[in-house]
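Asker: One structure coming up, written as structure tokens, with questions to follow.
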Amino acid sequence: MIEKPIPKPQQLTPKITGVALVVISLVIITVVYVVASLVRPLSGFENVLLQLFSMIFGFLGSYILGRESAREAARDIIKPHARSAFRRLLSVYESLSRIALAIDSSKPAGNEPQPHVLDKLQAMVTDQIYTVDDALEDWRDIVPEDVTEILERFTERTQKQRLTR
């Protein structure tokens, strides 16, 4: 039976906190204007100020919340593709590592003159391994939880493979 992970409680991000501050500020300004209007009639200028503040805080809150909502939607769209792409990168990484080990084991021992071909191949494979490392870190920036989960599985699998050899 496959156990589903328990979702973590959502933490307040600075963006959500910003929206909350905007809403609280707007409510405070509105309450002040309502109280002032109960005490005396508001002038035209005061009415315009109330509408101007309401509009500014409304735009600001909408912008902050909309931007965060768009980021969350993008993550939800990317997430399924990220897992499979990350697994493919791990497969490439494993292949390159095997090639690097094969090159190392095929180098002649001792002080014999060595052909430079293997050294060039080793440098090219090492360069590709570094590129894959960078790509893996890029995916970690996008979907860190999934990358951590897949890396844990990968590490367990490679440890099991080493024990069976």
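The values are calculated or read from the model by the stated rules, or taken from the named source; none is laboratory data. It should be emphasised that the depicted structure is a prediction, and the values quoted were computed from it without experimental measurement. With ideal geometry, Cβ positions are generated from the backbone for all residues, glycine too; neighbour counts draw on all protein chains shown.
Asker: Would it be correct to say that F154 is within 15 Å of the chain's Cα centre (by Cα), among the aromatic types (F, W, Y) and modelled with pLDDT under 80?
Answerer: no
Asker: If you don't mind, another one. Might you check whether a residue that is outside any helix (DSSP H, G or I) and not small (G, A, S) occurs anywhere in region 88-108?
Answerer: Looking for residues that are outside any helix (DSSP H, G or I) and not small (G, A, S), one finds at least one in region 88-108, hence yes.
Asker: Out of all the residues in region 17-50, which are touching an Asp or Glu at 6+ places or on another chain (Cβ under 9 Å) and either touching a residue at least 60 places away in the same chain (Cβ under 8 Å) or aromatic (F, W, Y) (or both)?
Answerer: Answer for region 17-50, where residues must be touching an Asp or Glu at 6+ places or on another chain (Cβ under 9 Å) and either touching a residue at least 60 places away in the same chain (Cβ under 8 Å) or aromatic (F, W, Y) (or both): just Y33.
Asker: May I ask you to list the residues in region 85-117 that are at pLDDT below 75 and either touching a helix residue (DSSP H, G or I) at 6+ places or on another chain (Cβ under 6 Å) or under 30 Å from P144 (Cβ atoms) (or both)?
Answerer: K107, the sole residue that qualifies.
Asker: Tell me, yes or no, whether region 27-40 has at least one residue that is out of contact with any strand residue (DSSP E or B) (no Cβ under 7 Å at 6 or more places or on another chain), at pLDDT below 80, of a type outside the set (V, I, T) and in a loop (DSSP other than H, G, I, E, B).
Answerer: no
Asker: From the residues in region 51-93 that are touching a residue at least 24 places away in the same chain (Cβ under 8 Å), more than 15 Å from the chain's Cα centre (by Cα) and closer than 18 Å to R140 by Cβ, which one is surrounded by the fewest Cβ atoms within 10 Å (Cβ to Cβ)?
Answerer: Checked region 51-93; the qualifying residue surrounded by the fewest Cβ atoms within 10 Å (Cβ to Cβ) is R87.
Asker: Determine whether M124 is over 30 Å from V32 (Cα atoms) and at pLDDT 80 or above.
Answerer: yes
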